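Taking it in order: structure first as structure tokens, then the write-up.
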Ligand SMILES: NC(=O)c1ccc[n+]([C@@H]2O[C@H](COP(=O)([O-])OP(=O)(O)OC[C@H]3O[C@@H](n4cnc5c(N)ncnc54)[C@H](OP(=O)(O)O)[C@@H]3O)[C@@H](O)[C@H]2O)c1
């Protein structure tokens, strides 16, 4: 739980590798050309030290330019990027492509974006001779090269984590599972399962993403009004107080700044409970566009 003097912007979560991931980062999905470079620089200027991108976002090169523009030394920044689904058989090429675009020698965290080994020649097909277990076996080789400091997964439900962790080829427990988490998709079983296994959860779409239905939630609004905080800040505190890192995306300088104004604020147990028990449910990311099922129920 947070306390009134909590310095969220200085806070890190220690991963099962010993590495420390900054608790608040900048998301960049849907941050387009000519805006993401500025957004990354604005975030780093404001004090963020954690940037989340992915090969699939098509913006790693601009993210890299934003980092350069900021003048913040590389070693002070946590960079997460992700292996795209059609690259599962080409893990080495995937990371090389990302490092080349980002113009950096290493990333702090490399995630398997989805547990879906998609055929690069037909995105509707799963590769017949490959699955995420094999992808992970390849990813496990990356840290020794120094090009990747930590490896993890994303969009892994308990069922797939069990499959991975119980496979004899799995020598490295993922350091992170990056999943959709906000009060309308709180997934307490998944968060607890990850905690038990020593896997840190990063909350994506932590504000409810573009046109978030949470923006109209009256319970959230009331808590925000009482505290003199924005609803976005309350959602970030909710995520942080569940021990998940949060990666709010914005390309708007004023929002990038205000999403960072969290220090000294915290939610009471009662406020946490109110938000955790909102009745509405929605998910930003489904699995209908993938050749395999990834999500398995209301607590995925
Ligand atoms: N691993 C995965 O499969 C996966 C999936 C989804 C997302 N992610 C990661 O998680 C990050 C965050 O998720 P997300 O991009 O889906 O959504 P999000 O961070 O929950 O919400 C972003 C939306 O909220 C708006 N916003 C930001 N700050 C605001 C504020 N203070 N007040 C009002 N509106 C605000 C943004 O608008 P403006 O930009 O216009 O300001 C944007 O429309 C992504 O960017 C990505 O890095 C990962």
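Coordinate-derived values only; no laboratory data. Since the model is a prediction, treat every value here as computed from it, not as a measurement. Cβ atoms come from the backbone with ideal geometry, glycine included; neighbour counts cover every protein chain shown.
Output the residues belonging to segment 51-65 that are closer than 16 Å to residue 108 by Cβ and surrounded by 24 or more Cβ atoms within 10 Å (Cβ to Cβ).
51, 52, 53, 60, 63
Just for segment 31-55: of the residues that are part of a loop (DSSP other than H, G, I, E, B) and within 13 Å of the ligand (Cβ to nearest atom), which one is farthest from the chain's Cα centre (by Cα)?
Restricting attention to segment 31-55, the residues satisfying the condition of being part of a loop (DSSP other than H, G, I, E, B) are 31-35, 47-49, 53-54.
After this cut, where a residue has to be within 13 Å of the ligand (Cβ to nearest atom) as well, the list is 31-32, 35, 48, 53-54.
Values: 31: 15, 32: 18, 35: 20, 48: 15, 53: 9, 54: 10 Å.
For segment 31-55, the residue satisfying everything is 35.
Mind checking which pairs have a first residue in segment 283-300 that is within 18 Å of residue 205 (Cα to Cα) and a second that is surrounded by fewer than 16 Cβ atoms within 10 Å (Cβ to Cβ), Cβ under 6 Å, 6 or more apart or different chains?
287/293; 299/189
Look at segment 69-118 and say how many of its residues are part of a helix (DSSP H, G or I), more than 18 Å from residue 25 (Cβ to Cβ) and away from the ligand (no atom under 13 Å from the Cβ).
Within segment 69-118, residues that are part of a helix (DSSP H, G or I), more than 18 Å from residue 25 (Cβ to Cβ) and away from the ligand (no atom under 13 Å from the Cβ) number 12.
If you scan segment 208-234, which residues turn out to be surrounded by 17 or more Cβ atoms within 10 Å (Cβ to Cβ) and either touching a strand residue (DSSP E or B) at 6+ places or on another chain (Cβ under 6 Å) or closer than 23 Å to residue 81 by Cβ (or both)?
Within segment 208-234, 208, 209 qualify.
In segment 204-215, which residues are within 9 Å of residue 235 (Cβ to Cβ) and either more than 8 Å from the ligand (Cβ to nearest atom) or out of contact with any helix residue (DSSP H, G or I) (no Cβ under 7 Å at 6 or more places or on another chain) (or both)? Break it down into steps so the answer makes sense when it comes.
In the first step, residues of segment 204-215 are kept if they are within 9 Å of residue 235 (Cβ to Cβ); the result is 206-208, 212, 214.
212, 214 - these are the residues of segment 204-215 that are within 9 Å of residue 235 (Cβ to Cβ) and either more than 8 Å from the ligand (Cβ to nearest atom) or out of contact with any helix residue (DSSP H, G or I) (no Cβ under 7 Å at 6 or more places or on another chain) (or both).
Kindly indicate whether residue 7 is within 14 Å of the ligand (Cβ to nearest atom), assigned to a loop (DSSP other than H, G, I, E, B) and either more than 26 Å from residue 237 (Cα to Cα) or in contact (Cβ under 8 Å) with a residue 60 or more places away in the chain (or both).
So residue 7 does not fit the description; no.
Is it the case that segment 261-277 has a residue that's away from the ligand (no atom under 11 Å from the Cβ) and within 17 Å of residue 212 (Cα to Cα)?
Checked segment 261-277: at least one residue is away from the ligand (no atom under 11 Å from the Cβ) and within 17 Å of residue 212 (Cα to Cα).
State the number of residues belonging to segment 167-203 that are more than 15 Å from the ligand (Cβ to nearest atom), outside any helix (DSSP H, G or I) and either in contact (Cβ under 8 Å) with a residue 24 or more places away in the chain or surrounded by 23 or more Cβ atoms within 10 Å (Cβ to Cβ) (or both). Before you say what the answer is, go through the steps one by one.
In the first step, residues of segment 167-203 are kept if they are more than 15 Å from the ligand (Cβ to nearest atom); the result is 167-173, 188-189, 191-193, 195-198.
Then drop every residue that is not outside any helix (DSSP H, G or I), which leaves 167-173, 198.
From the residues that got through so far, the ones that are either in contact (Cβ under 8 Å) with a residue 24 or more places away in the chain or surrounded by 23 or more Cβ atoms within 10 Å (Cβ to Cβ) (or both) too are 167, 169-173, 198.
Within segment 167-203, residues that are more than 15 Å from the ligand (Cβ to nearest atom), outside any helix (DSSP H, G or I) and either in contact (Cβ under 8 Å) with a residue 24 or more places away in the chain or surrounded by 23 or more Cβ atoms within 10 Å (Cβ to Cβ) (or both) number 7.
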